[in-house]
Amino acid sequence: MGGAKYCGLADASEFAPGRRSGEFLVAHGIYKNVPAIQRAWQAYQAIEPGIFKALEFSRLTTSPFDPDVIVVVCNTKQAMDLLHANAYDSGARGIGADAGPICSSMAAVPYLTGKVTYGFADIGSRDRMNLNPGEALVSIPGSEVDRIVANLREMRSKKAFEA
């Protein structure tokens, strides 16, 4: 449900009432009650439904297409380096994600805003992705990748970034 809803592949109004209310998340112990879920959901961004028919994932090194968003799974030091590389030439700040669904925070938000996002993934995603406790996520809009990679290369020559 979440991925389809936040990535614009399905209209949430067509979901069953228990899905739309979030009752299933209370049953799974993710939230204490429906009002908490409803409050949390108000902050999550979603791509307008019906614009896309599919969502494709690929390893960056073998991708047959230019990605709109790149999600990097990394340790916290690497995440900080990516965030610093984003700020290095622009002063831009990343958008921090909370416990919400990565379909919104790591896919829809960078797509819609053009801004780098970072977070730790929601409970379900951490489990399904087999993320280690020390791993974080950084999502980079495709349009920002070349700049960030160039900044990482330049930063290696600076004393503050020596390993």
When the range 25-39 is checked residue by residue, the ones that are exposed (fewer than 15 other Cβ atoms within 10 Å of the Cβ) and under 23 Å from the mean Cα position of the chain (by Cα) are His28, Gly29, Ala36, Gln38, Arg39
Exception for Val26 within (1) in the same structural domain as Arg128 (by TED's automatic domain parsing); (2) touching a helix residue (DSSP H, G or I) at 6+ places or on another chain (Cβ under 8 Å); (3) outside any loop (DSSP other than H, G, I, E, B) falls at (1)
Does Gly18 fit the bill of being at positive phi and in contact with a Phe, Trp or Tyr (Cβ under 7 Å, 6 or more places away or on another chain)?
no
The condition of being under 24 Å from Pro110 (Cβ atoms), hydroxyl-bearing (Ser, Thr, Tyr) and outside the structural domain of Met106 (by TED's automatic domain parsing) holds, among Tyr31, Tyr44, only for Tyr44
Exercise. Looking at Ala85, is it in a loop (DSSP other than H, G, I, E, B) and either charged (D, E, K, R) or in the same structural domain as Ala160 (by TED's automatic domain parsing) (or both)?
Worked result: no
Taking the range 97-110 and keeping residues touching a Phe, Trp or Tyr at 6+ places or on another chain (Cβ under 6 Å) and either part of a helix (DSSP H, G or I) or without any contact (Cβ under 8 Å) to a residue 24 or more places away in the chain (or both) leaves Cys103, Ser104, Ala108
Filtering the range 44-77 for residues that are in contact (Cβ under 8 Å) with a residue 60 or more places away in the chain and within 20 Å of Asp146 (Cα to Cα) leaves a count of 9
Of the residues in the range 115-163 that are over 21 Å from Ile95 (Cβ atoms) and of a type in the set (Lys, Arg), the one that is nearest to the chain's Cα centre (by Cα) is Arg128
Filtering the range 98-118 down to residues that are under 17 Å from Val149 (Cα atoms) and of a type in the set (A, V, I, L, M, F, W, C) yields Val116
Checked pairs for the range 111-139, first closer than 10 Å to Val73 by Cα and assigned by TED's automatic domain parsing to the domain that holds Leu83, second in a strand (DSSP E or B) and aromatic (Phe, Trp, Tyr), C-beta under 6 Å and 6 or more apart or across chains, list as Val138/Tyr118
Taking the range 1-23 and keeping residues closer than 15 Å to Ser104 by Cβ and part of a helix (DSSP H, G or I) leaves Gly2, Gly3, Ala4, Lys5, Tyr6, Ala12
When Met80 is run through (1) closer than 28 Å to Met155 by Cβ; (2) part of a loop (DSSP other than H, G, I, E, B), the failure sits at (2)
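The values are calculated or read from the model by the stated rules, or taken from the named source; none is laboratory data. Every value quoted in this text rests on a predicted model; they were computed, and no experiment measured them. Note that we place each Cβ from the backbone using ideal geometry, even for glycine, and neighbour counts take in every protein chain shown.
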